[in-house]
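Read the structure below first, then the notes.
FYI, it's all coordinate maths here, none of it is from the lab. Because the structure is a prediction, the values reported are computed rather than measured. Here Cβ is always computed from backbone atoms with ideal geometry, including for glycine, and neighbour counts include all displayed protein chains.
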Amino acid sequence: MSTLTNLLRRKNRPEIGPLDYHRRLWLRVTVALTLIFLYMPILTLMAFSFNDSKRNIVWRGFTFKYYEKAINNSELIEAFLNSLTIAFVSTIASVILGALTAYVLWRFRFPFRAVYEGAMALPVVIPEICMGVALMVFFLRTGFNTGGWVWPFNLSAITIAHIAFSFPFAAIVIRARLESFNTELSESAKDLGASEFQVFKDIIVPHMKPGLIAGALLAFTLSLDDFVITFFTSGPGTLTFPVKIYSMVRFSVTPEVNAASTVLIVITVIITALALRLQNRNNMLQAG
Amino acid sequence: MQSPAPSDAPIIEIKDVTKIYGSDVRAVDNVSLTVDRGEFFALLGPSGCGKTTLLRMLAGFETPTEGTVIIDGDNMANVQANKRPVNMVFQSYAVFPHMTVAQNVGYGLKIDGVARKEISSRVEEALELVKLGGLGARMPDELSGGQRQRVALARALIKRPSVLLLDEPLSALDAKLREAMQLELVRLQKTVGITFVIVTHDQAEALSMADRIAVMEAGVVRQVASPAELYEHPTSRFVGDFIGQINLFNGNASPAGEGKVNVSATPLSDQVLNGTATGSVCLAVRPEKVSVSRDKPANNNLLSIQGTVADIAYYGGYSNLYVEVGATAPVLAEITNAERDIGPGYTHGDAVWVSWRTEDTLLFAE
């Protein structure tokens with residue numbers, strides 16, 4: 001016990017000051033536990049994707065076999081392509097809708113503006129399960145059955161559902177970006193002869209740009225790994241990547257599932273990191 | 001039908017313009033003004049007096065509730081900001097952060113569809129004019145505040161507007177740079193020959209730069225005159241007090257015949273002065289007109305009061321003496337320290353006389 005304490009708090013160090021929280025034992029332990037609970041399952045999942053064992057309970061050796069297997073699984077690849085297609089289309093639509101929504105809410109005054117703004121943000125807080133069920137019922141009742149259509153139109157219902165829940169995120173990010181706009185810039189452009197549209201194109205869109213990119217990355221990751229809403233709105237034969245993994249897990253958790261999940265994690269992490277970096281650069285520009 | 005405006009007609013005519021915000025906030029209240037061609041005109045007043053609103057009505061960013069604005073002979077009632085023959089330098093400079101200096105300056109010409117070759121030569125010329133030659137490729141965040149302002153100036157001047165509007169252009173600069181820019185703006189205005197209308201709350205800035213100044217208070221124009229006229233002959237207590245420093249004595253006046261009045265203003269009594277104001281009045285004198293002496297001045301043409309020196313503030317070239325005379329405030333006398341090492345020559349508590357010539361006395365009706 002005493003060795004452990006000595007290890008964590010070396011004796012010859014100066015006294016811990018009142019604000020030196022990072023040097024307190026209890027805080028270090030809390031941080032360590034938090035990180036372990038957050039990341040150990042994910043790291044384990046990733047490590048076991050290289051496990052040379054079919055049942056995947058005990059480590060039996062390193063292999064790329066299951067990555068190969070996953071690549072040769074045509075259903076899995078089809079689901080992956082479906083997911084990418086949906087994510088791509090819904091991202092573009094979400095950013096355009098989000099930017100226009102944000103611009104209207106920022107630029108104009110009209111009755112019930114605050115109500116519109118709240119209504120727009122609602123999908124962010126509504127439980128996904130409720131939205132999933134609501135959209136499913138909606139598509140059933142309206143007879144919007146896209147399951148039998150030719151690819152990629154058989155993905156229409158899912159894509160519409162994805163746009164519905166991800167464009168508010170884009171709108172919120174872009175709306176926040178517009179708050180920092182100096183209206184003298186648009187007045188100045190107008191003073192120099194620019195029309196309303198030229199002001200939008202030449203001055204406001206360039207200012208929005210970091211928000212547009214951040215919103216796009218957000219919408220892309222949200223769409224790519226969505227399970228709940230997709231599960232309710234996908235018809236037979238329109239599998240997406242997360243839904244396919246779920247159906248694979250129902251049989252058995254093979255390293256193939258781990259391999260596919262690892263790929264999804266890596267893609268999501270890369271895109272999120274990019275989004276965060278853009279957001280940071282954005283903040284730095286504002287501060288400087 | 002409409003003949004072009006003759007060149008001696010005023011470039012700006014503001015007729016009975018009122019701007020009401022909401023239901024009853026009169027930001028600009030029945031203002032009429034004319035600005036002459038080639039003039040350096042200043043709108044001066046404390047913050048919230050309506051000067052910026054008036055400027056924005058000239059630019060087209062605000063619409064008058066009542067009245068008409070005529071620029072270069074044309075009624076601006078239905079002319080949008082982007083179609084007016086005026087350009088503006090904004091308080092924040094509003095330099096487009098995502099464009100280079102050259103792109104910023106050339107933006108107005110690009111909008112007008114001017115050929116690219118002509119744009120680049122005119123941009124270079126405009127940058128030369130504001131002493132930014134060779135900096136066209138820089139981005140705005142690589143420039144100092146003063147340089148950014150020059151970009152804003154070049155960008156507004158490149159379209160050769162009939163009038164250049166400047167909204168508090170020097171308020172963001174430090175004192176030294178501000179003084180240099182004041183001189184430079186005047187030089188620039190004489191070079192390009194364009195009418196400048198500047199909004200400022202800084203009376204020293206307006207006095208040193210403008211040909212004429214309109215002093216505004218609470219949406220109303222109090223006086224329009226040249227700087228010297230405003231300083232030496234203010235027509236109201238507000239203008240006298242707002243421009244420079246002034247000593248004020250409250251009192252009463254009664255007619256004394258032949259354009260003269262008999263004024264009693266504590267501690268002065270029964271002074272016969274030129275003027276017509278009667279009833280409650282305010283007697284005033286500028287501090288540099290006040291002399292200080294140990295003995296009572298013999299000259300009868302002087303107004304003099306006995307008092308004691310309450311405070312002395314030394315400013316190098318001159319000293320301010322505050323003399324307690326039993327009025328509401330001590331009398332301020334500005335004494336030039338003309339001789340080395342002597343200074344004002346008085347100390348705290350000295351019994352002195354303050355005096356000034358009757359013709360230097362101002363009288364305001366209250």
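On the basis of the beta-carbon distance and an R0 of 35 Å, B:SER120 and B:THR191 show a calculated FRET efficiency of 0.95. Legend: calculated FRET efficiency, B:GLU366 to B:ASP141, from the Cβ-Cβ distance at R0 = 56 Å, rounded to 0.05, equals 0.60. Specify whether the C-alpha gyration tensor of the protein assembly as shown places it in the rounded, prolate or oblate class, a ≥ b ≥ c being the square roots of the eigenvalues: rounded for a/c under 1.5, otherwise prolate if a/b is larger than b/c and oblate if not. Prolate, because a/c is 1.5 or more and a/b exceeds b/c.
For the protein assembly as shown, give me the percentage of DSSP beta bridges that are antiparallel, rounded to the nearest 5 percent. Looking only at bridges with both residues in the protein assembly as shown, the antiparallel portion is about 80 percent.
Straight-line cross-link reach from A:LYS244 at under 22 Å between alpha-carbon atoms covers these lysines, not counting any fewer than eight positions away in the same chain: A:LYS54, A:LYS65, A:LYS69. So which trypsin sites (Lys or Arg not before Pro) in the range B:179-257 are both in a DSSP loop and have at most 11 other Cβ atoms within 10 Å of their Cβ? Here no trypsin sites (Lys or Arg not before Pro) fit, given the DSSP loop and packing criteria.
Computed from the Kirkwood radius of its Cα pairs, the Stokes-Einstein diffusion coefficient for chain B at 37 °C and 0.692 mPa s stands at 140 µm²/s. Screening chain B for whole DSSP H helices with an alpha carbon extent of at least 24 angstrom along the helix axis and a mean Kyte-Doolittle hydropathy of at least -1.0 yields B:175-192. Taking label points 7 Å from Cα along the Cα-to-Cβ direction, B:GLN306 and A:ARG250 give a separation of 11.2 nm.
Among the trypsin sites (Lys or Arg not before Pro) in the range B:287-366, those located in a DSSP loop and surrounded by at most 16 other Cβ atoms within 10 Å of their own Cβ are B:ARG294, B:ARG340. Working note: 222 nm ellipticity from helices only, DSSP H runs with n ≥ 4, each -39,500 (n - 2.57), summed and divided by the residues of chain A, gives -24000 deg cm²/dmol to the nearest 500.
Per-residue shielding of A:178-187, expressed as the average number of other chain Cβ atoms within 10 Å of the residue Cβ, stands at 4. Summarising the label geometry, the points placed 7 Å from Cα in the beta-carbon direction at B:VAL79 and B:GLU128 lie 3.0 nm from one another. Placing R0 at 41 angstrom, the Cβ-Cβ distance between A:ARG60 and A:VAL124 gives a FRET efficiency of 0.40 after rounding to 0.05. Per-residue shielding of B:103-112, expressed as the average number of other chain Cβ atoms within 10 Å of the residue Cβ, stands at 4. Once the chain from B:GLU258 to B:GLU179 is taken as fully extended at 0.36 nm per residue, the excess over their C-alpha distance is 23.8 nm. Sorting the segments A:21-27, B:322-328, A:191-197 by their residues' average number of neighbouring beta-carbon atoms within 10 angstrom, most packed first, yields A:191-197, B:322-328, A:21-27. Taking each DSSP H run with n ≥ 4 as -39500 (n - 2.57) and averaging over every residue of chain B yields -7000 deg cm²/dmol at 222 nm.
For the range A:72-186, the square roots a ≥ b ≥ c of the C-alpha gyration tensor eigenvalues yield an a/c of 1.5 or more together with a/b exceeding b/c, which makes the shape prolate.
Extension gain, A:SER195 to A:SER53: 0.36 nm times the residue separation minus the Cα-Cα distance gives 44.4 nm.
Restricting to bridges with both residues inside chain B, how much of the DSSP beta-bridge set is antiparallel, in percent to the nearest 5? Taking every DSSP beta bridge within chain B, about 80 percent pair in antiparallel fashion.
Shielding value for B:86-98 is 5, the average number of Cβ atoms from other chains within 10 Å of each residue's Cβ. State whether the range B:72-207 is rounded, prolate or oblate according to the following rule on the C-alpha gyration tensor (a ≥ b ≥ c being the square roots of its eigenvalues): a/c under 1.5 gives rounded; otherwise a/b larger than b/c gives prolate, and the remaining case gives oblate. Since a/c reaches 1.5 but b/c is at least a/b, the shape of the range B:72-207 is classed as oblate. This ranking places B:VAL123, A:VAL266, B:VAL354 by how few other beta-carbon atoms lie within 10 Å of each, fewest first, which gives A:VAL266, B:VAL123, B:VAL354.
Peptides A:173-181, A:157-165 ordered by packing proxy, namely the average of other Cβ atoms within 10 Å per residue, highest first: A:157-165, A:173-181.
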